[in-house]
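Working notes for the structure below.
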Amino acid sequence: MPSVTWGVVQGKKEKLVNRVKICDYLKNLGIIPDELEGLELPSTVEVMEERVVFLQKLGLTVDDINEYPLMLGCSMRKNMIPVLGYLEKIGIQKSKLGEFVKNYPQVLHASVVVELMPVVKFLRGLDVEKQDLGYVLMKYPELLGFKLEGTMSTSVAYLVSIGVSPRDIGPMVTQYPYFLGMRVGTVIKPLVDYLVSLGLPIKILARMLEKRAYILGYDLEETVKPNVDCLVSFGIRRELLALVIAQFPQILGLPLKAKMSSQQYFFSLKLKIDPEGFARVVEKMPQVVSLNQHVILKPVEFLLRRGIPSADVANMVVKCPQLVACRVELMKNSYYFYKSEMGRPLKELVEFPEYFTYSLESRIKPRYQRLKSKGIRCSLNWFLNCSDQRFEERLQGDYIESESLGPSFCMGGKLELPGSEIVSDEEDESDDEVLYSRTVSL
């Protein structure tokens, strides 16, 4: 009679034989089974073949499996099918499931109820729209492996504490979900503290992050600090760094030294603007560092063809950098109205280049017609550079001011009249809100 242990020994031998067969099968496919050493494998080669075929139908190659061979330890019915079915249910397209698994194969080990569903519920609680869940997870699939009480919660809590609106967290996650995986103490807070140290008000920084969450991904030591030092080295005044960043936050993450060098040389060669003038241009419109040089040349060439000397054109650009981003078609219309209807000398355009930045149909024409009907003769600055309410007050004679110097023009910033208060449509705005009013990237 066989001993009591006979069946156990025989079962172990059978398992060992099957394991060798499975490893040989995988080797023949080109899959290296070394990492499966301590893993429980299926009882037969047929079951393993079923798993491999299933993964290949998803779109995974042998190389993909070799990148993470532990996925072969996942049961099709207990792991793969339930997980993939849930991913498809929350918005990941069936055709993208293979790509998702390739990017984050660990998901196949997850429990739908215990691990995946709580993360999805958390994202929905942050106001991530249901239709955006698939998009967010395709961008950052590792979210499904995070613990709710860990980094995700602390990063959200910190951002809300500095003034980010809770209602904007959802859109921020949709735009840049990676911040949910960033540590507050070592990544987010040091960046925030540094930007505040440059003079950027915390309230304005919060507004910036709401609209451009990807700023949180800029490496402080490798990118942000070197870029700030680069701005200073090119002549940007330290006291204006905050304004430059508020107008064009992307400047913190650009390969800035190369762009600044190229644009400074171009401005000197083609526009006859020296390095100091270029620095003033960047201070007023930092987007210029990323503008295509062909785009910049078109409005400049238009002005030169109107008979304006190159030195005057250079001064116009330094005073009002927005000129280089104007569409020539619109400039032509404004110029011809200026010459034919208004009949003014070129000298006034040189002194007030901002004229080209105003809408001909909605501001220049109607206001000029009002002035003409009343027989009022005034400078371009006087009737264009003010709100509709202020213009009406001026026409009625309720608002009188001397015409000394024109306003300093700063894209997205405040308009400062020497010796007077801020010109703004909303008189009750705080200084910070006026100074760093939101701008639209060119």
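Things to note:
- The 1.4 Å probe gives accessible areas that order 363, 167, largest first, as 167, 363.
- Accessible surface of the chain, 1.4 Å probe, proportion on carbon and sulfur as whole %: 53
- The distance from the alpha carbon centre of the range 49-73 to that of the range 81-112 is 14 Å, rounded to a whole number.
- Segment residue 45..residue 336, full-extension length gain: 96.5 nm, with 0.36 nm per residue of separation and the alpha-carbon distance subtracted.
- Accessible surface area normalised per residue over the range 279-341 is 43 Å², counting heavy atoms of protein chains with a 1.4 Å rolling probe.
- Separation between Cα centres of the range 179-252 and the range 271-306, rounded to whole Å: 25
- The heavy atoms of residue 92 offer some 0 square angstrom of accessible surface to a 1.4 angstrom probe.
- Solvent-accessible area of residue 209, all protein chains in place: 0 Å² (probe radius 1.4 Å, heavy atoms, ligands and nucleic acids excluded).
- Helix 166-175 and the long axis of the chain differ in direction by around 70°, with both axes built from C-alpha atoms.
- Neighbourhood charge, 9 Å Cβ-Cβ cut-off, centred on residue 346 and excluding it, Lys, Arg +1 and Asp, Glu -1: +2
- When the chain is treated as a Gaussian network with alpha carbon springs shorter than 10 Å, the biggest mean-square fluctuation among 272, 225, 12 belongs to 12.
- Near residue 251, once Lys and Arg are set to +1 and Asp and Glu to -1 for all other residues with Cβ below 14 Å from its Cβ, the sum equals +3.
- Solvent-accessible surface (1.4 angstrom probe) belonging to residue 23, in square angstrom, nearest 10: 30
- Nearest 10 degrees, 0 to 90: helix 256-270 Cα axis against the chain principal axis: 30
- When the pairs 319/339; 121/147; 257/284; 15/57; 270/298 are compared against a 20 Å limit on Cα-Cα distance, 319/339; 15/57 fall above it.
- Acute angle (nearest 10 degrees) that the helix 328-337 long axis makes with the longest principal axis of the chain, alpha-carbon atoms: 20
- Radius of gyration and maximum dimension Dmax of the range 8-131, Cα, Å: 16.6, 58
- The spread of Cα positions in the range 327-396, taken along each principal axis and listed from longest to shortest, comes to 34, 20, 20 Å.
- Viscosity 0.692 mPa s, temperature 37 °C, Stokes-Einstein D of the range 67-139 from Kirkwood C-alpha radius, µm²/s: 260
The values are calculated or read from the model by the stated rules, or taken from the named source; none is laboratory data. Owing to the predicted nature of the structure, the values given are computational and were not obtained by experimental measurement. Neighbour counts run over all protein chains shown; Cβ positions are idealised from the backbone, glycine included. All accessible areas refer to the heavy atoms of the entire protein, side chains included, with ligands and DNA or RNA removed. Shrake-Rupley method; radii C 1.70, N 1.55, O 1.52, S 1.80 Å.
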